[in-house]
Structure formats: C-alpha cells, structure tokens
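Asker: Sharing a structure here in structure tokens format.
The values are calculated or read from the model by the stated rules, or taken from the named source; none is laboratory data. Predicted model only: the values in this text are computed from it and were never measured. Because the Cβ atoms are built from the backbone with ideal geometry, glycine has one as well, and the counts that use them run over all protein chains shown.
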Amino acid sequence: MKKLNNILIDINHPGHVHLFKNLIYLLKSEGINVFVTIKDVDNLKKLLQLYNIDYIVIGKKSDSIKGKFFNQIKYVKELVKLINKNDIMLGIGVSITLAHASKLSKMVSLILDDDDSAVEPLFARFAHPFADYLISPDVLDFERKRENHLTYAGYHELAYLHPNRFKPDLNVLNESGIEKNELFFILRFNAFKAHHDVGAKGLTVNQKRELISMLGKKGKIFITTEKETEPEFEIYKIKISPDKIHSLIYFASLLIGDSQTMTSEAAVLGTPSLRCNSFVGKISYLEEEEHKYGLTFGFKPENYDNLLVKARDLIDTKNLKSIWQEKKLKLISDKIDVTAFLFWLITNYPESIKQHNKDKFFQYNFK
C-alpha cells in the first residue's frame, strides 16, 4: 500500500471529538492531510472550533429511526464522493457511515467500538460486518471472535485522559467559583435519545431533585446534560467552556448521573462516580472499572436507594480523593496511551496490523 497522505476521521458525537483530537494533531504534525467529517450538530461544530480543528459537514441528523435510515444513505454518498475526490486510503471512526463507505470505495476502514454488541445491536449489525478492521478494548475480546478484530489494553477515554495527554487546569476552579479544598459535585444527566436507548431508563426528575437536595447540604452542585435540562435545574448548569469539563471532573468530589461516558471519564481521572440506568451490568469496560479497579459503582433504576446510601458513604470517607487516585494509578499502570497506539497503527499500516496480531504485548510500548 502506498504512503498514507490523506486520512479520513468521521465524528458522530461530541465525545468522539475528545477521542480523536490528539490523534488529529499528531497526524497533522507528520504532514498528513486529515479530513474530519461530521453531521450538522451545533455542539459538535462548537467543540471542533474550540480545538481549532477544521471539519466538513456531510448532512443533518435525525432523532427518528426512519430519519436515521434515509439520512444514512445520503451520508454514505457524500463520504464516498469525498474519499474518491481526495484519494483517501484509510479512515477511522466510531461510524456506520465510514464502514459502509469503505465497501464502496478503495478506502480501508478502522472502526472503533467500545460497547458490548448487546448494548449497541444496530451498530454491531450494520457496522461490524462492513469494517475492514474492528478495534475494541481487550475487555471485549470474549465476544468478538473475528479475524479482523484488534484489541488493545485501554478504553476510549484513555485516548484523551491518559496522563500523557491530559493535565488538569487548576484555573477551572476559580472560573467556577470554587474555593480550594471545597467539596463540589457534578451531576450528569443523559437524554436517552440514541437508537440503543429505546426503552432505557435513567434518573427520574424526582430522583434528580432528591440528589440535589442531599448533595447541596454538603457542597456546590454542577449539572451537565446531553440535551436541555429541566428549567428548575438550570441554576446548577455548568457554565465553563466544554473543553474544560474534564478538569472540573478531575477536581470534583463525586460524579453522579445516568450517563456511561462521563462515568468512565471520572473513573480514569480518579474521581469517584456513581451511575443509575438500565445499562448497569451490561457494559464490559464499566464493569471492569467497577469490579477490577473499584473506581465506579453502578445501580439499576430499581436500586436507586442503594445509590443514595453509597453516595453518603463516599462523601463521609476521609481522604476519598487520595484513595481514588491510588486506584487510578493501578488502572493506568495496566493500560496504554490509546492515542499513541492508534497513531502507530495508522502511520505504520499495514505492517502495524501484522505486528499487533503477531505480538499483542508490543502495544505496551505505548505506555
């Protein structure tokens, strides 16, 4: 395969901006042209602009299943045109569109997926079979017995929150009106509007009120949501720039919510996190963070009262953050710098694939 001068990165979700931003910077520093494609989503565009990353909009998004289906055809068509016009030989993303486009063009696709197939059945059904290579955390090795499946010792969050990639900004405390050593809590509420969220449950409005009442007696409260929050909670909404949210999580006393990604982000940053939703017990990387490393705790909606008990217990624990930082160091010692691994995989393709398949321990060079 000729030298890769042009790379495509398809981004579907604001969280994927964080996942790929450092990879984009590294690829560009090597003189590689990186084409970043997105759907027309305001949060996505704003975040990419904050990180000074150029992007190409390939279409609008829809919340309905029917709308998603018809839009998907348009996305693939636009992506194939872009690939052919710019002689793009390799693409990477958490993307059904990218997988389909690779089968209609000369581009090789690297599809990242950190979710269990039972949790994201549509992605597993419509992306996995079309991917040239499927790349997952090694905690999912048990369920994906495919020749083109590559695993690595890490999580998506370690592409941007590994100590090599992230240094917390203490200034975020001043910007948020938080005194040094003051207790404060982050509440993360999910919208549950993705295709895999059908029938899923999280925290109810009354439960959110109860959490705010309990935590408000101990410290400041900050709320972050995927969509608009209930008007009564608006006064707690985080007002800092979205590129600073991970620093706020790092310094937080506790994070509670019904979201997956931010729970995992807190775990790898060494901040205790609790989540309550229908997916508890079903997501392997969060199960590992909970049961192997003791960094997070999951509760199903019917066990919400147990979450309250655990939250009170954690708040009353002396030296809580120090204890969690020690747990985090154990996790980091077992895992790799995911961005460094992906950069090597791409810039040394296809030899890197052969090397990884031959020696799974080679990845530990990227610590």
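Asker: Tell me, which residue of the range 1-27 that is more than 14 Å from LEU50 (Cβ to Cβ) and charged (D, E, K, R) is surrounded by the most Cβ atoms within 10 Å (Cβ to Cβ)?
Answerer: That would be ASP10.
Asker: Can you tell me which residue is farthest from HIS149 (Cα to Cα) among those in the range 330-345 that are free of Cβ contacts under 8 Å to residues at least 40 places away in the same chain and surrounded by fewer than 17 Cβ atoms within 10 Å (Cβ to Cβ)? Spell out how you get there, then give the answer.
Answerer: Residues of the range 330-345 free of Cβ contacts under 8 Å to residues at least 40 places away in the same chain: 330, 333, 344.
Retained after the next criterion (residues that are surrounded by fewer than 17 Cβ atoms within 10 Å (Cβ to Cβ)): 330, 333.
Working: LYS330: 27, SER333: 24 Å.
Among residues in the range 330-345 that are free of Cβ contacts under 8 Å to residues at least 40 places away in the same chain and surrounded by fewer than 17 Cβ atoms within 10 Å (Cβ to Cβ), the one farthest from HIS149 (Cα to Cα) is LYS330.
Asker: Let me ask you something else. What pairs come out if I take residues in the range 81-99 that are charged (D, E, K, R) and pair them with residues that are at pLDDT 95 or above and surrounded by fewer than 24 Cβ atoms within 10 Å (Cβ to Cβ) whose C-beta lies under 6 Å away, six or more apart or interchain?
Answerer: Sorted first by the residue in the range 81-99, then by its partner, the pairs are ASP87/ASN6.
Asker: Check off (1) touching a residue at least 40 places away in the same chain (Cβ under 8 Å); (2) under 17 Å from the mean Cα position of the chain (by Cα); (3) at negative phi for GLN325 and give me the number that stays unchecked.
Answerer: Every condition holds for GLN325 apart from (2).
Asker: Identify the single condition in (1) closer than 27 Å to LEU47 by Cα; (2) touching a Lys or Arg at 6+ places or on another chain (Cβ under 9 Å); (3) among the basic types (Lys, Arg) that LYS237 does not satisfy, given that it satisfies every other one.
Answerer: (2)
Asker: Next question, about the same structure. Name the residues in the range 213-245 that are buried (at least 21 other Cβ atoms within 10 Å of the Cβ), under 23 Å from the mean Cα position of the chain (by Cα) and touching a residue at least 40 places away in the same chain (Cβ under 8 Å), would you?
Answerer: Selection gives PHE222 alone.
Asker: Answer yes or no as to whether GLY91 is surrounded by fewer than 23 Cβ atoms within 10 Å (Cβ to Cβ) and of a type in the set (Gly, Ala, Ser).
Answerer: No; evaluated as a whole, the condition is false for this residue.
Asker: Kindly check whether there is at least one residue in the range 298-313 that is surrounded by fewer than 24 Cβ atoms within 10 Å (Cβ to Cβ), among the β-branched types (Val, Ile, Thr) and either farther than 26 Å from LEU47 by Cα or not assigned by TED's automatic domain parsing to the domain that holds ARG209 (or both).
Answerer: Kept after step one, since they are surrounded by fewer than 24 Cβ atoms within 10 Å (Cβ to Cβ), are these residues of the range 298-313: 298-313.
If we keep only those that are among the β-branched types (Val, Ile, Thr) too, we end up with 309.
Now narrow it down to the ones that are either farther than 26 Å from LEU47 by Cα or not assigned by TED's automatic domain parsing to the domain that holds ARG209 (or both): 309.
The answer is yes, given that some residue of the range 298-313 is surrounded by fewer than 24 Cβ atoms within 10 Å (Cβ to Cβ), among the β-branched types (Val, Ile, Thr) and either farther than 26 Å from LEU47 by Cα or not assigned by TED's automatic domain parsing to the domain that holds ARG209 (or both).
Asker: Among the listed residues GLU287, GLU265, which satisfies the condition of being among the acidic types (Asp, Glu), outside any loop (DSSP other than H, G, I, E, B) and buried (at least 21 other Cβ atoms within 10 Å of the Cβ)?
Answerer: On inspection, the qualifying residue turns out to be GLU265.
Asker: Right, something else. Of (1) farther than 21 Å from ASP305 by Cβ; (2) surrounded by fewer than 16 Cβ atoms within 10 Å (Cβ to Cβ); (3) modelled with pLDDT under 90, LYS201 satisfies all except one. Which?
Answerer: (1)
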